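The values are calculated or read from the model by the stated rules, or taken from the named source; none is laboratory data. Predicted, not measured: the structure shown is a model, and the values here were computed from it. Cβ atoms come from the backbone with ideal geometry, glycine included; neighbour counts cover every protein chain shown. When the accessible area is computed, the model is the full protein with side chains, heavy atoms only, and any ligands, DNA or RNA have been set aside. Shrake-Rupley method; radii C 1.70, N 1.55, O 1.52, S 1.80 Å.
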Amino acid sequence: PSSGHFESRGWSATGVVQTISAIFAPRLREIVDGKVTFSGMAFAGIRAITQIEVSIDDGDWMPVPFMPSESGSWTRWQIDWHPLAPEDYLVKVRATDSEGFTQSDKLSLPVFPNGSSAIHAVVFRVSM
């Protein structure tokens with residue numbers, strides 16, 4: 001690839017999209033009554049999403065059911081969860097792509113020049 005405006009400023013010449021995932025519900029600091037529906041999206045550019053998992057309060061990663069999407073498309077996911085007690089919870093999401101890359105809590109890749117592959121986390125409150 002040729003060097004252009006952004007490449008001359010240190011940005012990637014290949015523009016490979018990092019594998020990412022996000023939680024859309026519940027929102028940050030939202031108060032939820034009873035059952036919690038986690039939902040969000042995952043994306044890996046031209047690679048497919050092969051696995052999506054959530055972790056609650058840094059517990060074990062649990063697989064999330066999802067419908068595979070076409071390469072280059074966002075993958076939607078959703079799962080219901082029944083909390084044991086009313087309190088604040090931390091939920092994290094991570095995705096794995098078709099090349100075997102899984103998002104990690106460890107910052108192994110620099111954000112610059114290709115973007116972040118960090119794990120998204122949300123704190124919410126359950127009231128019963």
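One residue stands out in the range 44-72 among those that are at pLDDT 95 or above and β-branched (Val, Ile, Thr): the one that is most open to solvent (accessible area, probe 1.4 Å), namely Thr50.
Given the criteria basic (Lys, Arg) and free of Cβ contacts under 8 Å to residues at least 40 places away in the same chain, does Arg76 qualify?
Numbers: basic (Lys, Arg): yes; free of Cβ contacts under 8 Å to residues at least 40 places away in the same chain: yes.
So Arg76 fits the description; yes.
Contact annotation: residue pairs with Cβ atoms under 6 Å, 6 or more positions apart or on different chains, pairing a residue in the range 15-43 that is loosely packed, with under 11 Cβ neighbours inside 10 Å with a partner that is modelled with pLDDT of 95 or more and among the aliphatic types (A, V, I, L, M), are Leu28/Val122.
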